[in-house]
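The values are calculated or read from the model by the stated rules, or taken from the named source; none is laboratory data. Just so we're clear, the structure is a prediction, and the values are computed from it rather than from any experiment. Cβ placement follows ideal geometry from the backbone for every residue including glycine, while neighbour counts extend to all protein chains displayed. Protein only, heavy atoms only, side chains kept; ligands, DNA and RNA dropped before computing areas. Shrake-Rupley method; radii C 1.70, N 1.55, O 1.52, S 1.80 Å.
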Amino acid sequence: MARYGMLINTKKCIGCYACRVACQRQNDLLPTQDFIRYEEHETGTYPNVSIETVPLQCMHCEDAPCVAVCPTGAAYIGADGIVGVDEGRCIGCKYCMAACPYQVRVHNEKTGTVDKCRFCTVSAETSGTKMCSCVEACLTNARIFGDLDDPESDISKAIAETNAQPIAGDLTKSKVFYVR
């Protein structure tokens with residue numbers, strides 16, 4: 001089975017929020033809810049300082065803290081490595097929200113459950129969607145989605161070419177990589 005991941009090139013990201021809006025529409029989120037949030041980081045030294053926009057979303061950690069604290073087993077890691085949520089089992093206790101090192105889980109006000117990025121491409125393959133909504137919406141092609149175990153995939157080639165790293169190194173062994 002494939003092990004999916006995403007590469008986000010922050011050098012290409014212009015902070016336009018197109019990925020966030022596309023994700024909100026794809027996942028029927030309220031305007032106050034989002035699976036993608038943004039941080040701004042200053043880089044360089046005075047007087048050559050620039051601001052880098054860093055979109056953050058679920059990192060789909062291999063050893064996910066959110067899964068470890070879930071009392072009902074609603075949070076799980078699938079065979080493809082994607083961290084998911086079984087809404088039928090979620091009691092909305094928000095333990096996973098507190099445990100998430102990236103603070104990217106969202107309390108769904110409609111259902112009372114907690115939700116997050118699901119790499120929508122994987123679930124959409126059967127419905128004909130060819131790419132994650134955030135990847136398709138990106139105006140600068142700053143995002144690449146694919147199989148990390150396939151050395152011929154676009155993502156594997158881009159990671160090797162750019163020496164992209166998980167945002168927190170091996171802290172969580174995430175499946176989201178950044179070029180910075």
Strands (runs of 3 or more DSSP E) completely within the range 45-113 that count 1 or more residues being more than 20 Å from the chain's Cα centre (by Cα): 48-56
Evaluate the range 115-131: report whether one residue or more is at pLDDT below 90, open to solvent by 50 Å² or more (accessible area, probe 1.4 Å), under 19 Å from P55 (Cα atoms) and among the basic types (K, R). yes
Count - residues of the range 1-20 that are open to solvent by less than 60 Å² (accessible area, probe 1.4 Å) and either outside any loop (DSSP other than H, G, I, E, B) or not aliphatic (A, V, I, L, M) (or both): 12
Does the range 24-34 include one or more residues that are without any contact (Cβ under 8 Å) to a residue 40 or more places away in the chain, farther than 22 Å from A158 by Cβ and of a type in the set (A, V, I, L, M, F, W, C)? no
Would you mention how many residues in the range 21-53 are within 18 Å of F145 (Cβ to Cβ), of a type outside the set (D, E, K, R) and either open to solvent by 50 Å² or more (accessible area, probe 1.4 Å) or in contact with a strand residue (DSSP E or B) (Cβ under 8 Å, 6 or more places away or on another chain) (or both)? 5
